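The values are calculated or read from the model by the stated rules, or taken from the named source; none is laboratory data. Model, not experiment: these values are computed from the prediction. Virtual Cβ from ideal backbone geometry, glycine too; neighbours counted across all protein chains shown.
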């Protein structure tokens with residue numbers, strides 16, 4: 001979606017809140033959309049069902065009302081599967097989308113050995129519950145779960161360490177993915193690399209500690225630490241890659 005259209009919709013939520021003096025909510029926003037909100041100073045409360053949620057809903061509350069997380073239109077579904085091989089995150093998401101549900105109606109999906117917890121918009125939760133019987137080759141059952149009553153599985157990461165020639169984007173992408181620097185330049189210039197959710201088509205773009213890199217075909221990783229330099233003036237980098 002074009003940023004101007006997205007921002008217009010978010011401002012409409014604020015206007016409706018002022019007009020009707022009642023809380024209004026967006027659909028689930030991805031990380032990039034949340035950054036766009038911040039850059040354009042659109043205020044409100046972001047919540048995705050739990051503290052560290054990545055996909056979150058914008059809630060705008062009247063001036064007289066304190067934000068209440070319990071009012072956010074979010075349900076938590078627990079999907080339990082039975083089968084020889086546990087489905088992947090992609091399979092859970094794909095099964096839900098195959099029901100004709102739009103991506104912005106689905107929040108985070110947290111997988112575990114025998115199932116997953118899925119945050120969804122309240123108005124489509126019953127439809128999902130009634131229509132999912134399989135995930136991949138596994139039989140599946142779906143039940144409602146109270147948002148505050150379960151210990152959610154944590155997100156999984158892989159630590160990647162490498163030594164890079166510099167903090168230029170092409171050097172960092174090469175170190176992260178294990179490809180040559182020339183190949184890194186090609187994928188950057190082709191628009192396949194994002195820094196903090198924004199397209200970065202400059203090979204000399206300077207990165208810093210804490211930046212989030214997305215490389216199509218490889219995944220996402222955060223620059224966890226920029227370490228000391230070697231004797232040859234190369235830089236130790238530690239990434240935290242999302243699994």
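Going by what's in this entry, would residue 94 be described as at pLDDT 95 or above, at negative phi and buried (at least 18 other Cβ atoms within 10 Å of the Cβ)? Considered against the rule, which asks whether it is at pLDDT 95 or above, at negative phi and buried (at least 18 other Cβ atoms within 10 Å of the Cβ), residue 94 comes out as no. The strands (runs of 3 or more DSSP E) found entirely in the range 124-243 that carry 2 or more residues being touching a strand residue (DSSP E or B) at 6+ places or on another chain (Cβ under 6 Å) and more than 30 Å from residue 78 (Cβ to Cβ) are 157-164, 193-195, 212-215, 219-229, 235-242. Within the option set 84, 51, 33, 38, being modelled with pLDDT under 95 and closer than 13 Å to residue 119 by Cα holds for one residue only, 51. Are any of the residues in the range 102-119 assigned to a loop (DSSP other than H, G, I, E, B), at pLDDT 95 or above and within 21 Å of residue 28 (Cα to Cα)? Looking for residues that are assigned to a loop (DSSP other than H, G, I, E, B), at pLDDT 95 or above and within 21 Å of residue 28 (Cα to Cα), one finds at least one in the range 102-119, hence yes.
Matching residues to (1) buried (at least 16 other Cβ atoms within 10 Å of the Cβ); (2) touching a strand residue (DSSP E or B) at 6+ places or on another chain (Cβ under 9 Å); (3) outside the structural domain of residue 212 (by TED's automatic domain parsing):
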{"position": "55", "(1), (2), (3)": "yes, yes, yes"}
{"position": "61", "(1), (2), (3)": "yes, yes, yes"}
{"position": "82", "(1), (2), (3)": "no, yes, yes"}
{"position": "104", "(1), (2), (3)": "yes, yes, yes"}
{"position": "113", "(1), (2), (3)": "no, no, yes"}
{"position": "117", "(1), (2), (3)": "yes, yes, yes"}
{"position": "121", "(1), (2), (3)": "yes, yes, yes"}
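Kindly provide the set of residues from the range 160-211 that are under 22 Å from the mean Cα position of the chain (by Cα), surrounded by fewer than 18 Cβ atoms within 10 Å (Cβ to Cβ) and under 13 Å from residue 235 (Cα atoms), ordered by number. Hits for the range 160-211 are 208, 209.
Close Cβ contacts (under 7 Å, 6 or more residues apart or on different chains) running from residues in the range 159-184 that are free of Cβ contacts under 8 Å to residues at least 24 places away in the same chain to residues that are loosely packed, with under 15 Cβ neighbours inside 10 Å comprise 174/180.
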